[in-house]
Amino acid sequence: MTETMNAADDALLLGGVRFTNRLLTGTGKFASRDLIAPMLAASGSELITVALRRVDPKAGEQDILRYIPPSVRVLPNTSGARTAEEAVRIARLARAAGCGDFIKIEVITDNKYLLPDNAETLRATEILAKEGFIVLPYMFPDLTVSRQLHDAGAAAVMPLGSPIGSNRGLEMKAMIRRMIESSRLPVIVDAGIGKPSQAAEAMEIGADAVLVNTAIATSADPVMAGKAFGLAVQAGRLARLAQLAGEKEYAEASSPLTGFLRG
Amino acid sequence: MHITLNGQVTASAAPNLLDLIIEQGFTPDAIVAEVNFELIKRDRWQQHLLQDGDTVELLSFVGGG
């Protein structure tokens, strides 16, 4: 009961905005954009990423924002940026286009593993936070950079679990755990989470939220997968709040072993 | 007149940004427009006159993680 009551008051604050759901989702890779709204409903996600790209009029692309219900906040990312300046340019365009103050900074120069450039990410964070953005930087887990991002005005830090779209889970678990221990900002595990059990694991070790896109969007049933991830994030969060006991080397009986059988 | 539209040199007879967007077959209500690296808000598109050699970026929000 105590856990439930804690969970009822258990909001996540990002830049002063209150979220009751701790699963962030993304709009990439869906076979049909019509699946996005039911996925959001099934997962409970209140914040979803989008990207900004050049338009090809022949491709008949439609604005992805139309597929996101107005109750869900939009988190534009700066994907495609290779420098802080490019990320800043995308962020300003996204805000001017009416997407609000949230921005996920993503600066990537490594095309094989899509690992973030922490130095450029930090520079972009400094600039955008001063301009009043709610900055969520995607970063390689690093305690020093995490602290610097805090000082630069980030609203959270978003360490990768493993490379984007790899479904490999928490390869960075040890360092993420240390970040969680020391960070004064919410820690949102972003990238690489491929299964609900991995999302739950991130929440159990104390992550404040997780961001899942590929695993939901590329499943055979993204609506059901969204629900599964939503439940896993809730379960992991409740387990964290419940402060589970740690592992032990040997068995410890859960039932009384002394009794009447042998007098 | 030639402008660089989304990285491609493009011939256009459009006098202003709104006309260019329509002339080139884009859907205006889904577009974010930048001319010479400066964002031009939607309500300014018709007033924004184009000049030979302008660099125009027409962007839109797409799926991304």
(request) Any chance you could give the angle, 0 to 90 degrees and rounded to 10, that helix A:84-94 forms with the longest Cα principal axis of chain A? (result) 80 degrees
(message) Defining a contact as two alpha carbons under 8 Å apart and six or more residues distant in sequence, what relative contact order in percent does chain A show?
(response) 19 percent
(request) For the range A:108-118, take each phi angle, set θ = phi - 60°, evaluate the Karplus expression 6.51 cos²θ - 1.76 cosθ + 1.60, and give the result in whole Hz per residue in order, putting x for glycine and proline. (result) 10, 10, 9, 7, 7, 10, 6, 7, x, 8, 5
(request) Run through the DSSP bridge list for the protein assembly as shown and note the antiparallel percent, rounded to the nearest 5. (result) 45 percent
(message) I need A:Ile216, A:Ile188 ordered by Cβ neighbour count within 10 Å, fewest first.
(response) A:Ile188, A:Ile216
(request) Just the ratio, please: alpha-carbon radius of gyration of the range A:12-164 over 2.2 N^0.38 Å, N its number of residues. (result) 1.02
(request) Would you please put A:234-245, A:119-130, A:150-161 in order of how densely packed they are, using the mean number of other Cβ atoms within 10 angstrom per residue and starting with the highest? (result) A:150-161, A:119-130, A:234-245
(message) Taking R0 as 25 Å, what FRET efficiency do you get between A:Ala119 and A:Arg178 from their Cβ-Cβ distance, rounded to the nearest 0.05?
(response) 0.80
(request) Grab the beta carbon distance between A:Arg168 and A:Ala41, set R0 = 22 Å, and tell me the FRET efficiency rounded to 0.05. (result) 0.20
(request) Please tell me which of these pairs span more than 21 angstrom C-alpha to C-alpha: A:Lys173/A:Lys227; A:Lys104/A:Lys130; A:Lys58/A:Lys112; A:Lys195/A:Lys248? (result) A:Lys173/A:Lys227; A:Lys58/A:Lys112; A:Lys195/A:Lys248
(request) Go ahead and estimate [θ] at 222 nm for chain B from helices alone: -39,500 (n - 2.57) per DSSP H run with n ≥ 4, summed, over the residue count, rounded to 500. (result) -2500 deg cm²/dmol
(message) Which of the three applies to the range B:2-59, rounded, prolate or oblate, going by the alpha-carbon gyration tensor with a ≥ b ≥ c and a/c under 1.5 meaning rounded?
(response) rounded
(message) Inside 10 Å of the C-beta atoms of A:22-29, what's the mean count of C-beta atoms belonging to other chains?
(response) 2
(request) Provide a whole-number value for the mean count of partner chain Cβ atoms within 10 Å of the Cβ atoms in peptide A:45-56. (result) 5
(message) How shielded is A:132-144 by partner chains, expressed as the average number of their Cβ atoms within 10 Å of its Cβ atoms?
(response) 0
(message) Show me, for the range B:31-48, the HN-Hα J-couplings you get by feeding each phi into the Karplus relation (A = 6.51, B = -1.76, C = 1.60, θ = phi - 60°), rounded to Hz, glycine and proline as x.
(response) 10, 10, 10, 10, 10, 6, 6, 10, 5, 10, 5, 3, 6, 9, 4, 5, 7, 7
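Computed from the coordinates by the stated procedures, all read-outs in this text should not be read as laboratory data. These figures come from a predicted structure and were not determined experimentally. Heads up, the Cβs are rebuilt from the backbone with ideal geometry, glycines too, and the neighbour counts pull from every protein chain shown.
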